[in-house]
Amino acid sequence: MSARPTALSAAAPIDPVSAYRAALGMAARRCGFAHAAYMHLGYRLPGETVAAPGRLISSGALDETLYRKRGYLAFDPLAARAAGAFAPFAWTLDDLAEPAARPLARAFEAWGVRSGLIAPIQDSTAGPAFVNFFVSEARSAPADAEAEAARDGGALLAAVRLHAMARADLPAAGVADGALNAREIHVLRLAAKGLTEMETAAELKLSRRGVQFHLSRAGAKLDTPNKTAAVARAIALGLLAP
């Protein structure tokens, strides 16, 4: 048996995102669920509210486009819990009973997403992510502690493999107005290292105004208000990896 859920080979779909959806579905079935959704949260600035995840891909049922469009992440208690969790945890629609989360609960019901198991990944480089394995009915807890441990262990291992596959095989997540170009990535990478605008200008043989222009363009594409936020968002999206 392969160590990874699937491989992007000649037999897999040409589109790597389609191949990843297939891998999610396969992992869900192996763990005893109907579908799975992968969400990369990434690092956030203190107090920053982000309505859209860095990446969201589902094998089925969960509507990725609607989740993003309606900004469900801003009041998704499951995602908030996963951001700081280390162990898998089961959930049902009862966990979305708070008034702020009711629109998400109604969306889940409409999509046939009613209970599941979330396996969190704490990635020190790219920030937290998780895989939500889910089904269309409410499920009872495992019969005993041993069965629960086996379920959680299998889900966590599958989630770690899926996260590794996402980082290795998927293209960089998109940004608001198109991909960052090489110069924009370079100035953000130097800013992340702590270089000032003048130091960056000397490093790249540009004027300070030129550095400011590239930082401004990068910030606009990343939909961030300032240089610090742009660097944080670019790191969260994996755009500044060497």
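Any chance you could count how many residues in segment 137-151 are touching a residue at least 12 places away in the same chain (Cβ under 8 Å) and of a type in the set (A, V, I, L, M)?
Within segment 137-151, residues that are touching a residue at least 12 places away in the same chain (Cβ under 8 Å) and of a type in the set (A, V, I, L, M) number 2.
How about segment 147-242: which helices (runs of 4 or more DSSP H) wholly inside it have at least 2 residues that are of a type in the set (D, E, K, R) and crowded, with 16+ Cβ neighbours inside 10 Å?
Those helices (runs of 4 or more DSSP H) span 182-192, 208-222, 227-236.
Among (1) hydroxyl-bearing (S, T, Y); (2) open to solvent by less than 60 Å² (accessible area, probe 1.4 Å); (3) under 16 Å from the mean Cα position of the chain (by Cα), where does T125 come up short?
(2)
Just to be sure I understand, how many residues within segment 49-70 are at pLDDT below 90, open to solvent by less than 60 Å² (accessible area, probe 1.4 Å) and in a loop (DSSP other than H, G, I, E, B)?
5
Among the residues of segment 130-140, is there at least one that is within 27 Å of V231 (Cα to Cα), of a type outside the set (S, T, N, Q) and at pLDDT below 95?
no
Anything in segment 110-121 that is closer than 24 Å to D152 by Cα and open to solvent by 70 Å² or more (accessible area, probe 1.4 Å)? List them, or say none.
Matches in segment 110-121: R114 only.
Out of all the residues in segment 202-215, is one or more in contact (Cβ under 8 Å) with a residue 40 or more places away in the chain, touching a helix residue (DSSP H, G or I) at 6+ places or on another chain (Cβ under 6 Å), closer than 11 Å to L188 by Cβ and not polar (S, T, N, Q)?
So far as segment 202-215 goes, no, none of its residues is in contact (Cβ under 8 Å) with a residue 40 or more places away in the chain, touching a helix residue (DSSP H, G or I) at 6+ places or on another chain (Cβ under 6 Å), closer than 11 Å to L188 by Cβ and not polar (S, T, N, Q).
The values are calculated or read from the model by the stated rules, or taken from the named source; none is laboratory data. The structure displayed is predicted, hence computed values, not measured ones. Cβ: placed from backbone, ideal geometry, glycine included. Neighbour counts: every protein chain shown. Keep in mind that these areas ignore ligands, DNA and RNA; they rest on the heavy atoms of the full protein, side chains included. Shrake-Rupley method; radii C 1.70, N 1.55, O 1.52, S 1.80 Å.
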